Amino acid sequence: MAESHSPAAVPPSAAQAPAAPGKAPPNRRVLVVVALIALAALGAGGRMWYRSSHFVETENAYVTGRVHPVSSRVAGVVTRVLVDDNQVVRAGDVLAELDPADHRVRVEQIEAQIASVEQQIAQAGAQVAQVKAQAAAAGAQVRQAEAQLVRARQDAERYGQLYSDTMKAVSKAEVDAASAARAAATADVAARRDSAAAAQAQVAAADAGREVLQAQVKVLQAQLKDARQQLAYNQIVAPVPGRVGRRGVEVGARVQPGQLLLAVVEEEVWVTANFKETQLAGLAPGQQVKLEVDALPGKHLVGRVHSFAPASGNQFALLPADNATGNFTKIVQRVPVKIVLDPRDVKQYAGRLVPGMSVVAEVELGQEAAGKPAATRTAALVQGTAR
């Protein structure tokens, strides 16, 4: 009988076809995937090590600027508001006006008082001239009385010589009359001198009264100057050029001295980056900083390290942490660093960079700062401290 060639008679080993030459076994594929993951991890780790060794970065950074609060210096009712939100103003521009009626009346009252006192000064001047004339007349009378006294003394001496025990050229009555005239002249001189002294005292009193009035005028003039300043304060002006923000004043509102009405924000801005204290070793003034502002995605700004704060942010806090306790935990502190922006960037993004915006700051270590490598500056600083 002929042999059968059915497929069932084929041995199992022969039924298995050889593997395709270009197909890797499953274990090799796993190895390749693991190797790729390991390479990616090594690359990521190497990049992290490189960046941590050559760069310092912080997201705790913000755009900073000068915000000037504008308040009223006097009490009053707002009659006009001349600016709107976000409006650009110049220094000295009038922002709002208060009702000046009360202060204007005060100025007029003081001006009237000054005019009245000046009239009194004019009258006092005339009085001084009058009493000076009276004092001059009294002095002339004193001199006249003194001349009469000299004559009376001479007459009394002559009559006394003519009437003696050896010679009776005149009568006793004539001698007595000459003596009486001398005594009367002496008394008249004394009276005239007293009158002259009284006249001089009146002159001094009149001068003093006029000086008092002049001093009163000076006081009123100072009050008038203050009243005019109070009147000028009814116009609220911009202290610096910038843009108006936080406007909270409306027509008809009654404001008090010191009450915040609005704010003026200057166009000049910079970045305040709060670096960790462990990141400050490689930083130095003058180093270039790469900045990314969240409000400007895809835009890279350039700045330079300007200066370091004189204390950490914790020291400037309202309630600084008290570390002299038993449960002390060391916390890395942050130090504010001022970063000035490139003037070209400030000009290009004028009005879009405003205080308070979030920034990411990155500084490459080892770069030159102020004409000297950062490493050299740090070494010189350490040597100077050691000395």
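The values are calculated or read from the model by the stated rules, or taken from the named source; none is laboratory data. As the structure is a prediction and not an experimental result, all values here were calculated from the model. Cβ placement follows ideal geometry from the backbone for every residue including glycine, while neighbour counts extend to all protein chains displayed.
Name the residue, out of A177, A201, A184, that is at pLDDT 80 or above, surrounded by fewer than 13 Cβ atoms within 10 Å (Cβ to Cβ) and of a type outside the set (D, E, K, R).
Values: A177 fails: surrounded by fewer than 13 Cβ atoms within 10 Å (Cβ to Cβ); A184 fails: surrounded by fewer than 13 Cβ atoms within 10 Å (Cβ to Cβ).
After applying the criteria, what remains is A201.
Sort out which residues of the range 296-318 are under 17 Å from V332 (Cα atoms) and modelled with pLDDT under 90, and write them in order of number. Result: S312, G313, N314, Q315, F316, A317.
Against the definition (part of a strand (DSSP E or B) and touching a His at 6+ places or on another chain (Cβ under 8 Å)), how does V340 come out, yes or no?
On the way: part of a strand (DSSP E or B): yes; touching a His at 6+ places or on another chain (Cβ under 8 Å): yes.
Here the answer is yes, as V340 does meet what is asked.
Reported count of residues in the range 158-209, each being touching a strand residue (DSSP E or B) at 6+ places or on another chain (Cβ under 8 Å) and closer than 30 Å to V117 by Cβ, is 0.
For (1) part of a strand (DSSP E or B); (2) under 30 Å from the mean Cα position of the chain (by Cα); (3) over 29 Å from D294 (Cα atoms), each residue gets a yes or a no:
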| residue | (1), (2), (3) |
| --- | --- |
| V56 | yes, no, no |
| E59 | yes, no, no |
| D102 | no, yes, yes |
| Q113 | no, no, yes |
| A122 | no, no, yes |
| A129 | no, no, yes |
| A133 | no, no, yes |
| A140 | no, no, yes |
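Going through (1) within 27 Å of V88 (Cβ to Cβ); (2) touching a residue at least 24 places away in the same chain (Cβ under 8 Å) one by one, Q287 falls short only on (1).
Restricted to the range 296-350, and to residues there that are acidic (D, E) and touching a residue at least 12 places away in the same chain (Cβ under 8 Å), the residue that is surrounded by the fewest Cβ atoms within 10 Å (Cβ to Cβ) is D342.
Residues are listed down the side, and each one gets a yes or a no for (1) aliphatic (A, V, I, L, M); (2) closer than 30 Å to A124 by Cα:
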| site | (1), (2) |
| --- | --- |
| S164 | no, no |
| D176 | no, no |
| V189 | yes, no |
| A201 | yes, yes |
| Q214 | no, yes |
| V244 | yes, no |
